[in-house]
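Colleague: Take a look at the following structure, please.
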Amino acid sequence: MIIITDEHCTGYSSAGHPERPQRITNTVELLKKQTELPLTWQTPSGGVSDDAILRAHTPEMLARLAVPEDFDGDTPYYDNIATLARTSVSAGLDALRLAREGKQVFSLMRPPGHHATREKSMGFCFLNNIAIAVLEAAATGGKRVAVFDFDVHHGNGTEDILLNRPGLEFFSVHQHPAYPGTGAASRGRNCFNYPVAPGATRETYRAALTNALDDLKHFKPDLVGVSAGFDAYARDPLADAPLLAEDFHWLGVSLRQIGVPMFSLLEGGYSRDLPELILAYLKGVAGK
Ligand SMILES: [Zn+2]
């Protein structure tokens, strides 16, 4: 299993913001300490062409990243955010390449991406890492490319970007109602939403995940990109969902069993147990 991360992605922060550098540094610490899962570490290659980004975003949105003003109440401007966001994108593209080489890979980077729409940075997200990666996959030979998003929040940005694009399907399991308010029903020909009410039981949440996984398999993807958010965890401070570490392990096992190249990018997850949840997922993906 290859972990892609670097020290730059922990070099920016905003006081009191839940999307904080310790999410990464604490996870790196646990992953380096544990001995059950052999890991290889890699830094993002860094270079991303504007062309790759502009498949997903407007030129105006890309230019806006250089304007030193907050994007919304949740999404502050940070010095150098354009470079930081592009580095996170590059890690996603590296993950795609490695998956196609038959490797197991997880991008442990920030900022996350799945709320960034075609036109707007929002919800802690600046550029949509997963959408850029799967559009690259589709532009370079992928015929049936899927995104599976198990972050507790709806991947509104990914849906906005991928809506009705041929050869791409999007599956999102999330709490609803919750931020950002979208995802109550499926949209278009290719965006499938599995909303779960706040306070649902584990059985109910697992049933929604199982439905989404069944539909994903039915699509017969040749490649799966995973928006791996860990905020559907029972003790996450930002949601009211019921999952436990063993459920994230099961998700990893289930996605691996589809049997096609897959790569995962970190989205949300704000509890102090995030490192254990990521490790459980990675073990599942690795078949341990
Ligand atoms: Zn989230």
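Colleague: Looking only at region 224-240, how many residues end up being surrounded by fewer than 23 Cβ atoms within 10 Å (Cβ to Cβ) and more than 9 Å from the ligand (Cβ to nearest atom)?
Modeller: The total comes to 4.
Colleague: Where residues in region 256-281 are more than 16 Å from the ligand (Cβ to nearest atom) and under 14 Å from the mean Cα position of the chain (by Cα), which of them is most open to solvent (accessible area, probe 1.4 Å)?
Modeller: Of everything passing the filter in region 256-281, Met262 is most open to solvent (accessible area, probe 1.4 Å).
Colleague: Among the residues of region 101-156, count how many are of a type in the set (D, E, K, R), closer than 23 Å to Ala212 by Cβ and open to solvent by less than 10 Å² (accessible area, probe 1.4 Å). Walk me through how you get there before you give the answer.
Modeller: Initially, region 101-156 is screened for residues of a type in the set (D, E, K, R), giving 101, 103, 110, 118-120, 136, 143-144, 149, 151.
With closer than 23 Å to Ala212 by Cβ added as a condition, the list becomes 143-144, 149, 151.
Cutting the leftovers down to open to solvent by less than 10 Å² (accessible area, probe 1.4 Å) gives us 149, 151.
Residues meeting the conditions: 2.
Colleague: Take the residues in region 14-50 that are touching a residue at least 60 places away in the same chain (Cβ under 8 Å) and open to solvent by 60 Å² or more (accessible area, probe 1.4 Å); name whichever of them is farthest from Gly123 (Cα to Cα).
Modeller: Step by step, filter region 14-50, then rank; the result is Glu36.
Colleague: Moving on to the next point. Search region 157-167 for residues being open to solvent by less than 10 Å² (accessible area, probe 1.4 Å) and touching a strand residue (DSSP E or B) at 6+ places or on another chain (Cβ under 8 Å), and hand back the single one that is farthest from Ala116 (Cα to Cα). Outline the logic, then answer.
Modeller: The initial filter retains those residues of region 157-167 that are open to solvent by less than 10 Å² (accessible area, probe 1.4 Å), namely 157-159, 161-162.
This time we only want the ones that are touching a strand residue (DSSP E or B) at 6+ places or on another chain (Cβ under 8 Å), so: 157-159, 162.
Values: Gly157: 5, Thr158: 7, Glu159: 10, Leu162: 12 Å.
Here the answer is Leu162.
Colleague: Please identify the pairs in which a residue from region 52-76 that is farther than 27 Å from Leu168 by Cβ has its Cβ atom under 6 Å from the Cβ atom of a residue that is open to solvent by less than 60 Å² (accessible area, probe 1.4 Å) and in a helix (DSSP H, G or I), counting only partners at least 6 apart or on another chain.
Modeller: Ala66/Ala82
Colleague: Where the second residue is part of a helix (DSSP H, G or I) and within 14 Å of the ligand (Cβ to nearest atom) and the first is touching a residue at least 60 places away in the same chain (Cβ under 8 Å) and hydrophobic (A, V, I, L, M, F, W, C) and lies in region 142-160, which pairs have Cβ atoms under 6 Å and are six or more apart or on separate chains?
Modeller: Filtered contacts from region 142-160: Val147/Ile130; Val147/Thr158.
Colleague: Continuing with the same structure: Would you be able to tell me the number of residues in region 246-255 that are farther than 16 Å from Leu216 by Cα and open to solvent by 40 Å² or more (accessible area, probe 1.4 Å)?
Modeller: So the first thing to find is which residues in region 246-255 are farther than 16 Å from Leu216 by Cα, and the list is 246-249.
Within this subset, residues satisfying the condition of being open to solvent by 40 Å² or more (accessible area, probe 1.4 Å) are 246, 249.
Going through region 246-255 one residue at a time, the tally reaches 2.
Colleague: Kindly provide the set of residues from region 137-187 that are among the hydroxyl-bearing types (Ser, Thr, Tyr) and either within 16 Å of the ligand (Cβ to nearest atom) or in contact with a Pro (Cβ under 9 Å, 6 or more places away or on another chain) (or both), ordered by number. Steps first, please.
Modeller: Looking only at region 137-187, we keep the residues that are among the hydroxyl-bearing types (Ser, Thr, Tyr), and these are 140, 158, 172, 179, 182, 186.
Within region 137-187, Thr158, Ser172, Tyr179, Thr182 qualify.
Colleague: Still on this structure, I have one more. Considering only region 92-143, state which residues are closer than 12 Å to Pro261 by Cα and not hydrophobic (A, V, I, L, M, F, W, C).
Modeller: Arg97, Arg100, Glu101, Gly102, Lys103, Gln104, Gly142
Colleague: Can you pull out every residue in region 188-211 that is within 27 Å of Thr75 (Cβ to Cβ), under 17 Å from the mean Cα position of the chain (by Cα) and either within 16 Å of the ligand (Cβ to nearest atom) or in contact (Cβ under 8 Å) with a residue 60 or more places away in the chain (or both)?
Modeller: Within region 188-211, Asn193, Tyr194 meet the criteria.
Colleague: Hey, any hits in region 254-264 for a residue that's under 19 Å from Asn26 (Cβ atoms) and either out of contact with any Ser or Thr (no Cβ under 6 Å at 6 or more places or on another chain) or aliphatic (A, V, I, L, M) (or both)? Lay out the reasoning, then the answer.
Modeller: Looking only at region 254-264, we keep the residues that are under 19 Å from Asn26 (Cβ atoms), and these are 264.
Of the ones still in play, those that are also either out of contact with any Ser or Thr (no Cβ under 6 Å at 6 or more places or on another chain) or aliphatic (A, V, I, L, M) (or both) are 264.
Checking region 254-264: at least one residue is under 19 Å from Asn26 (Cβ atoms) and either out of contact with any Ser or Thr (no Cβ under 6 Å at 6 or more places or on another chain) or aliphatic (A, V, I, L, M) (or both).
The values are calculated or read from the model by the stated rules, or taken from the named source; none is laboratory data. Predicted model, so just to flag it, every value in this text is computed and none were measured. Please note: Cβ atoms are built from the backbone with ideal geometry, for glycine as well, and neighbour counts cover all protein chains shown. For the accessible areas, the whole protein counts, side chains as well, though only heavy atoms, and no ligand, DNA or RNA atoms are used. Shrake-Rupley method; radii C 1.70, N 1.55, O 1.52, S 1.80 Å.
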